[in-house]
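Written below as structure tokens is the structure these notes are about.
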Amino acid sequence: MPDESKEKIGKVAPLGEKSKPVKAKKTADPLNASIDAATQEMIARAQELGIETVFDRAENMKPCNIGTQGTCCKNCAMGPCRLPLPKSVSEDEDTRKGLCGATPNTIAARNFLRMIAAGAAAHSDHGRGVAEIFLSAARKETEAYKIKDFHKLLSVAPYLNVATTVDVDGKQLDRDIDEIALEVAEKALKEWGKSEGELLYLKRAPQPLYEKWKKAGVLPRNIDREIVEIMHRTHIGVDQDYINLIKQGTRAAIADGWGGSMLATDLQDVLFGTPSPLESEANLGVMKEDHVNIVIHGHEPVLSEMIVAVTQTKEMEDYAKSKGARGIQLSGICCTANEILQRHGVPLCGTFLQQELAIITGACDAMVVDIQCIFQNVANVAKCFHTKLITTHPIAKMEQDNVIHIEFDEHHALEDAKKIVKMAADNFQNRGSEVMIPPHKHTQIAGFGVEAIEYHLGGAFRGSYYTLNDNIINGRIRGIAGVVGCNNARTRHNEGHLAVVKELIKKDVIVLTTGCNGIACAMEGLLTPESAPVYCGPGLAEICETVGIPPVLHLGSCVDNSRILLAATEVVKAGGLGNDISDLPAAGSAPEWMSEKAISIGHYFVSSGVYTVFGVTLPTSGAPVFQKYIFEELENLYGGMWDLEVDPIKHAQKMIAHIDKKRKALGIDKARKRIMVDMSTRRELASS
Ligand code: XCC
Ligand code: SF4
């Protein structure tokens, strides 16, 4: 002991001696950081200007190894207790425990649940915000928001037990639409905190799935309660059984996918319109040097809808011209972008990892942000330019002093939006000389939803997913994949996304996309029908050509993953492919995930019967027993399970193997081989 302390003392630098020179900060290699040319050029541009971006920070700070494994617990002040996985230790020899005795399984499961809670809270609180606006629209308390899609309102009402007809003297008459809207709004809002019963939307799931949830005891009671219960159960000394813990994770995740997210999507459609296919563009090149550029970033369409509306007025157009610009160019980042793309064709400026780069173009006159996925560093980057950074949501402010907060309120929504657009236009004249917009963008067709897929791939007379099912059964389409999720600076930007998607469509798997995967696919041109003959296998290429759709269908934002659940349900209903989502030749994927929301999404896909593969990493590797449980055992309960595969090609191949396994179970594996060479069927399809 004494020797050891002497040795330590000896190492301390004597007072007055100069400390070591600070290590020079590393910068990212643009070519290694992203596969996208616009992104590469802008990273280099940032470095030339001496501005640091997330790509550089990723070079200088390595992720914590124990956190990566999911086995760091800081749920009480006796910790943080860190339990890294020993090199070679068998399950029975694993005696790791925290001060309280928590095992690696308990710790990893608790951390996993807290991620689900945060993700479910983010989606659901967004949904609640929309529901509140919807209620004030139904009460006609706001001028700005009106119900746009009555058809959708009527289709949603029955799921919330709201009658759409009334009995007058024994005759069924249409009920007053305002009355329906008001009751839908009130019933919807109750889903967050009602004291009895279970979520109403659970009944939208295929009956066998609902029964599985019931048997497993995971039917969510209300949205908020399941999130609160996670926080309780993961407190020190409460639930210390990983199997029981993940049960609650499942309940909260279902409350997200089939609750908060699904309500957000539905009510947004009712308020702002259900998307239908439209043409637009994607990547930083959509910004225009001679226009006022307003970049909208975040997740809630509530404010951005108003900005879109205001921007289109002659008054604002003229105002921008009076400031020397040729007009106003709106574009978006992250899921707010996906929302206004789907409904208005507003172009996508970029993915999550391109947010700093949009400002570094020098042409961003205002960046308007609401909630989620907004780097605090955009404020530091904005300081280097003329860009006004405007926060708009009461729950999402930033500490930097250059950030302007214009709190958005539904009662003066249009005035707020006008103020923001004017501020951006006024700022156009303050631009520095150094504008550099990378000249890269791609055309895209976006705006798919459950309804649009039915229209394009449904039977002309049956009005269902009949044609889609038929082509899955005959093998032209091998299966369906949902590929979604974020970008992650720990992996090369967009490489995983595009490699996974390309491998899937090459093997005749049709891809449904949302979130930043949707943006990545748009930037690469995969959201065009023209990409089908280039990238698809012969079966899928033929369908895309016949129907005129892209092989990758963009369904919207993160909350719109609920559209994938409902599309899968429609496929089940159309018949011929089993009785439950878990019977379908389908799989899910998030190749470059990073957010807690992604964990909630992944888990509600798994709990809905989908084999779901994540890339990058999963915070479960330090607890092999818990990991094995969610990778293998969950399948027995819900039909779906987790997996992790870092290599994108293997990642896609694992999904395809699962799809083939399901085809075999359905007895349609042989049809695929046979029909693929059947020319008469091909001709028949081409002429239909
Ligand atoms: Fe955020 Fe939704 Fe992830 Fe993109 S994908 S980084 S969560 S914006 Ni949903
Ligand atoms: Fe450590 Fe247990 Fe406290 Fe976690 S809850 S920090 S494992 S003592």
- Please give the per residue accessible area of the chain, computed with a probe of 1.4 Å over protein heavy atoms only, in Å². 41 Å²
- Message: In the stretch 520-539, whose amide N lies under 12 Å from the spot 7 Å out along Cα-to-Cβ of K506? List them in ranges.
- Response: 535-537
- Among rounded, prolate and oblate, which fits the stretch 534-591 when a ≥ b ≥ c are the square roots of the eigenvalues of its C-alpha gyration tensor, a/c under 1.5 means rounded, and a/b larger than b/c means prolate? oblate
- Query: How much net charge surrounds I133 when only the other residues with a Cβ under 12 Å from the Cβ of I133 are counted, with Lys and Arg +1 and Asp and Glu -1?
  - Reply: -3
- What ³J(HN,Hα) values, in whole Hz, does the Karplus curve 6.51 cos²θ - 1.76 cosθ + 1.60 give for the stretch 469-474 when θ = phi - 60°, with x put for Gly and Pro? 4, 4, 6, 6, 5, 7
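Classify the chain as rounded, prolate or oblate, taking a ≥ b ≥ c as the square roots of the eigenvalues of its Cα gyration tensor: rounded when a/c is under 1.5, otherwise prolate if a/b is larger than b/c and oblate if not. Mind showing how you got there, number by number?
Working: a/c = 1.36, a/b = 1.10, b/c = 1.24.
Rounded shape, in that the Cα axes give a/c under 1.5.
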- Note on the structure: Taking r as the C-beta separation of K573 and E141 and R0 as 45 Å, the FRET efficiency to the nearest 0.05 is 0.75
- Query: If the cut-off is a Cα-Cα distance under 21 Å, which lysines reach K388, setting aside same-chain residues fewer than 8 apart in sequence?
  - Reply: K288, K321, K323, K397, K418, K419, K422
- For the pair M61 and N636, how long in nm is the line joining their label points, each one 7 Å along Cα→Cβ? 4.2 nm
- Item | Inter-probe distance in nm under a simple model that places probes 7 Å from Cα toward Cβ, at A44 and D409 | 4.9 nm
- Message: Order 397-405, 342-350, 292-300 from most to least packed using the mean count of other Cβ atoms within 10 Å.
- Response: 292-300, 342-350, 397-405
- Partner aspartates and glutamates for K670 [C-alpha distance under 19 Å; skip if fewer than 8 residues away on the same chain]: D470, D508, D583, D660, D678
- Message: List the trypsin sites (Lys or Arg not before Pro) within the stretch 120-196 that DSSP assigns to loop and that have no more than 15 neighbouring Cβ atoms inside 10 Å.
- Response: R139, K140, K146
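With contacts defined as alpha carbon pairs under 8 Å and 6 or more residues apart, what's the relative contact order of the chain in percent?
On the way: 1428 pairs, mean separation 107.6, N = 688.
Worked out over the chain, it gives 16 percent.
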- Distant-in-sequence amide H partners of G482 (H built 1.01 Å from N, under 5 Å): L512, A587, G588, S589
- Query: Stretched out fully, how many nm does the piece from Q376 to V22 gain, at 0.36 nm a residue minus the Cα gap?
  - Reply: 124.9 nm
- Work out the charge dipole of the chain with +1 on the Cβ of Lys and Arg and -1 on the Cβ of Asp and Glu about the Cα centre, then indicate which of N427, A216, A255 is farthest towards its positive end. A216
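Suppose R0 equals 30 Å. What FRET efficiency, 1/(1 + (r/R0)^6) with r the Cβ-Cβ distance, do D167 and T546 give to the nearest 0.05? Each step should come with its number before you reach the end.
On the way: r = 46 Å, r/R0 = 1.53.
The pair D167/T546 has a calculated efficiency of 0.05.
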- Note on the structure: Cross-link reach from K573 to lysines, straight Cα distance under 19 Å and at least 8 residues apart if same chain, gives K203, K212, K662
- Message: Just to confirm my numbers, what's the Cα centroid distance between the stretch 197-230 and the stretch 399-478 in Å?
- Response: 31 Å
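Leaving out ligands, DNA and RNA, and with a 1.4 Å probe, what % of the accessible surface on the chain is carbon or sulfur? Could the numbers behind the result be given before it?
Details: 14830 of 28010 Å².
Using a 1.4 Å probe with all protein chains present, the chain comes out at 53 percent carbon and sulfur.
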- Message: Need one word for the stretch 477-591: rounded, prolate or oblate. Basis is the Cα gyration tensor (sqrt eigenvalues a ≥ b ≥ c); a/c below 1.5 gives rounded, then a/b vs b/c decides.
- Response: oblate
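For the stretch 136-218, give the magnitude of the charge dipole about the Cα centre (Cβ charges: +1 Lys/Arg, -1 Asp/Glu; no others), in debye to the nearest 20. Display every interim value, and only then the final one.
Values: 15 positive and 15 negative charges, 104 e Å.
Using Cβ point charges on Lys, Arg, Asp and Glu, the stretch 136-218 gives about 500 debye.
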- Query: Given charges of +1 on the Cβ of Lys and Arg and -1 on the Cβ of Asp and Glu, with all other atoms neutral, how large is the dipole of the chain about its Cα centre, in debye to the nearest 20?
  - Reply: 1620 debye
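The values are calculated or read from the model by the stated rules, or taken from the named source; none is laboratory data. What you see is a predicted model, and the numbers here were worked out from it, not measured in a lab. Here the Cβ is made from the backbone with ideal geometry for all residues, glycine too, and neighbour counts use every protein chain on show. For accessibility, only protein heavy atoms count, side chains too; no ligands or nucleic acids. Shrake-Rupley method; radii C 1.70, N 1.55, O 1.52, S 1.80 Å.
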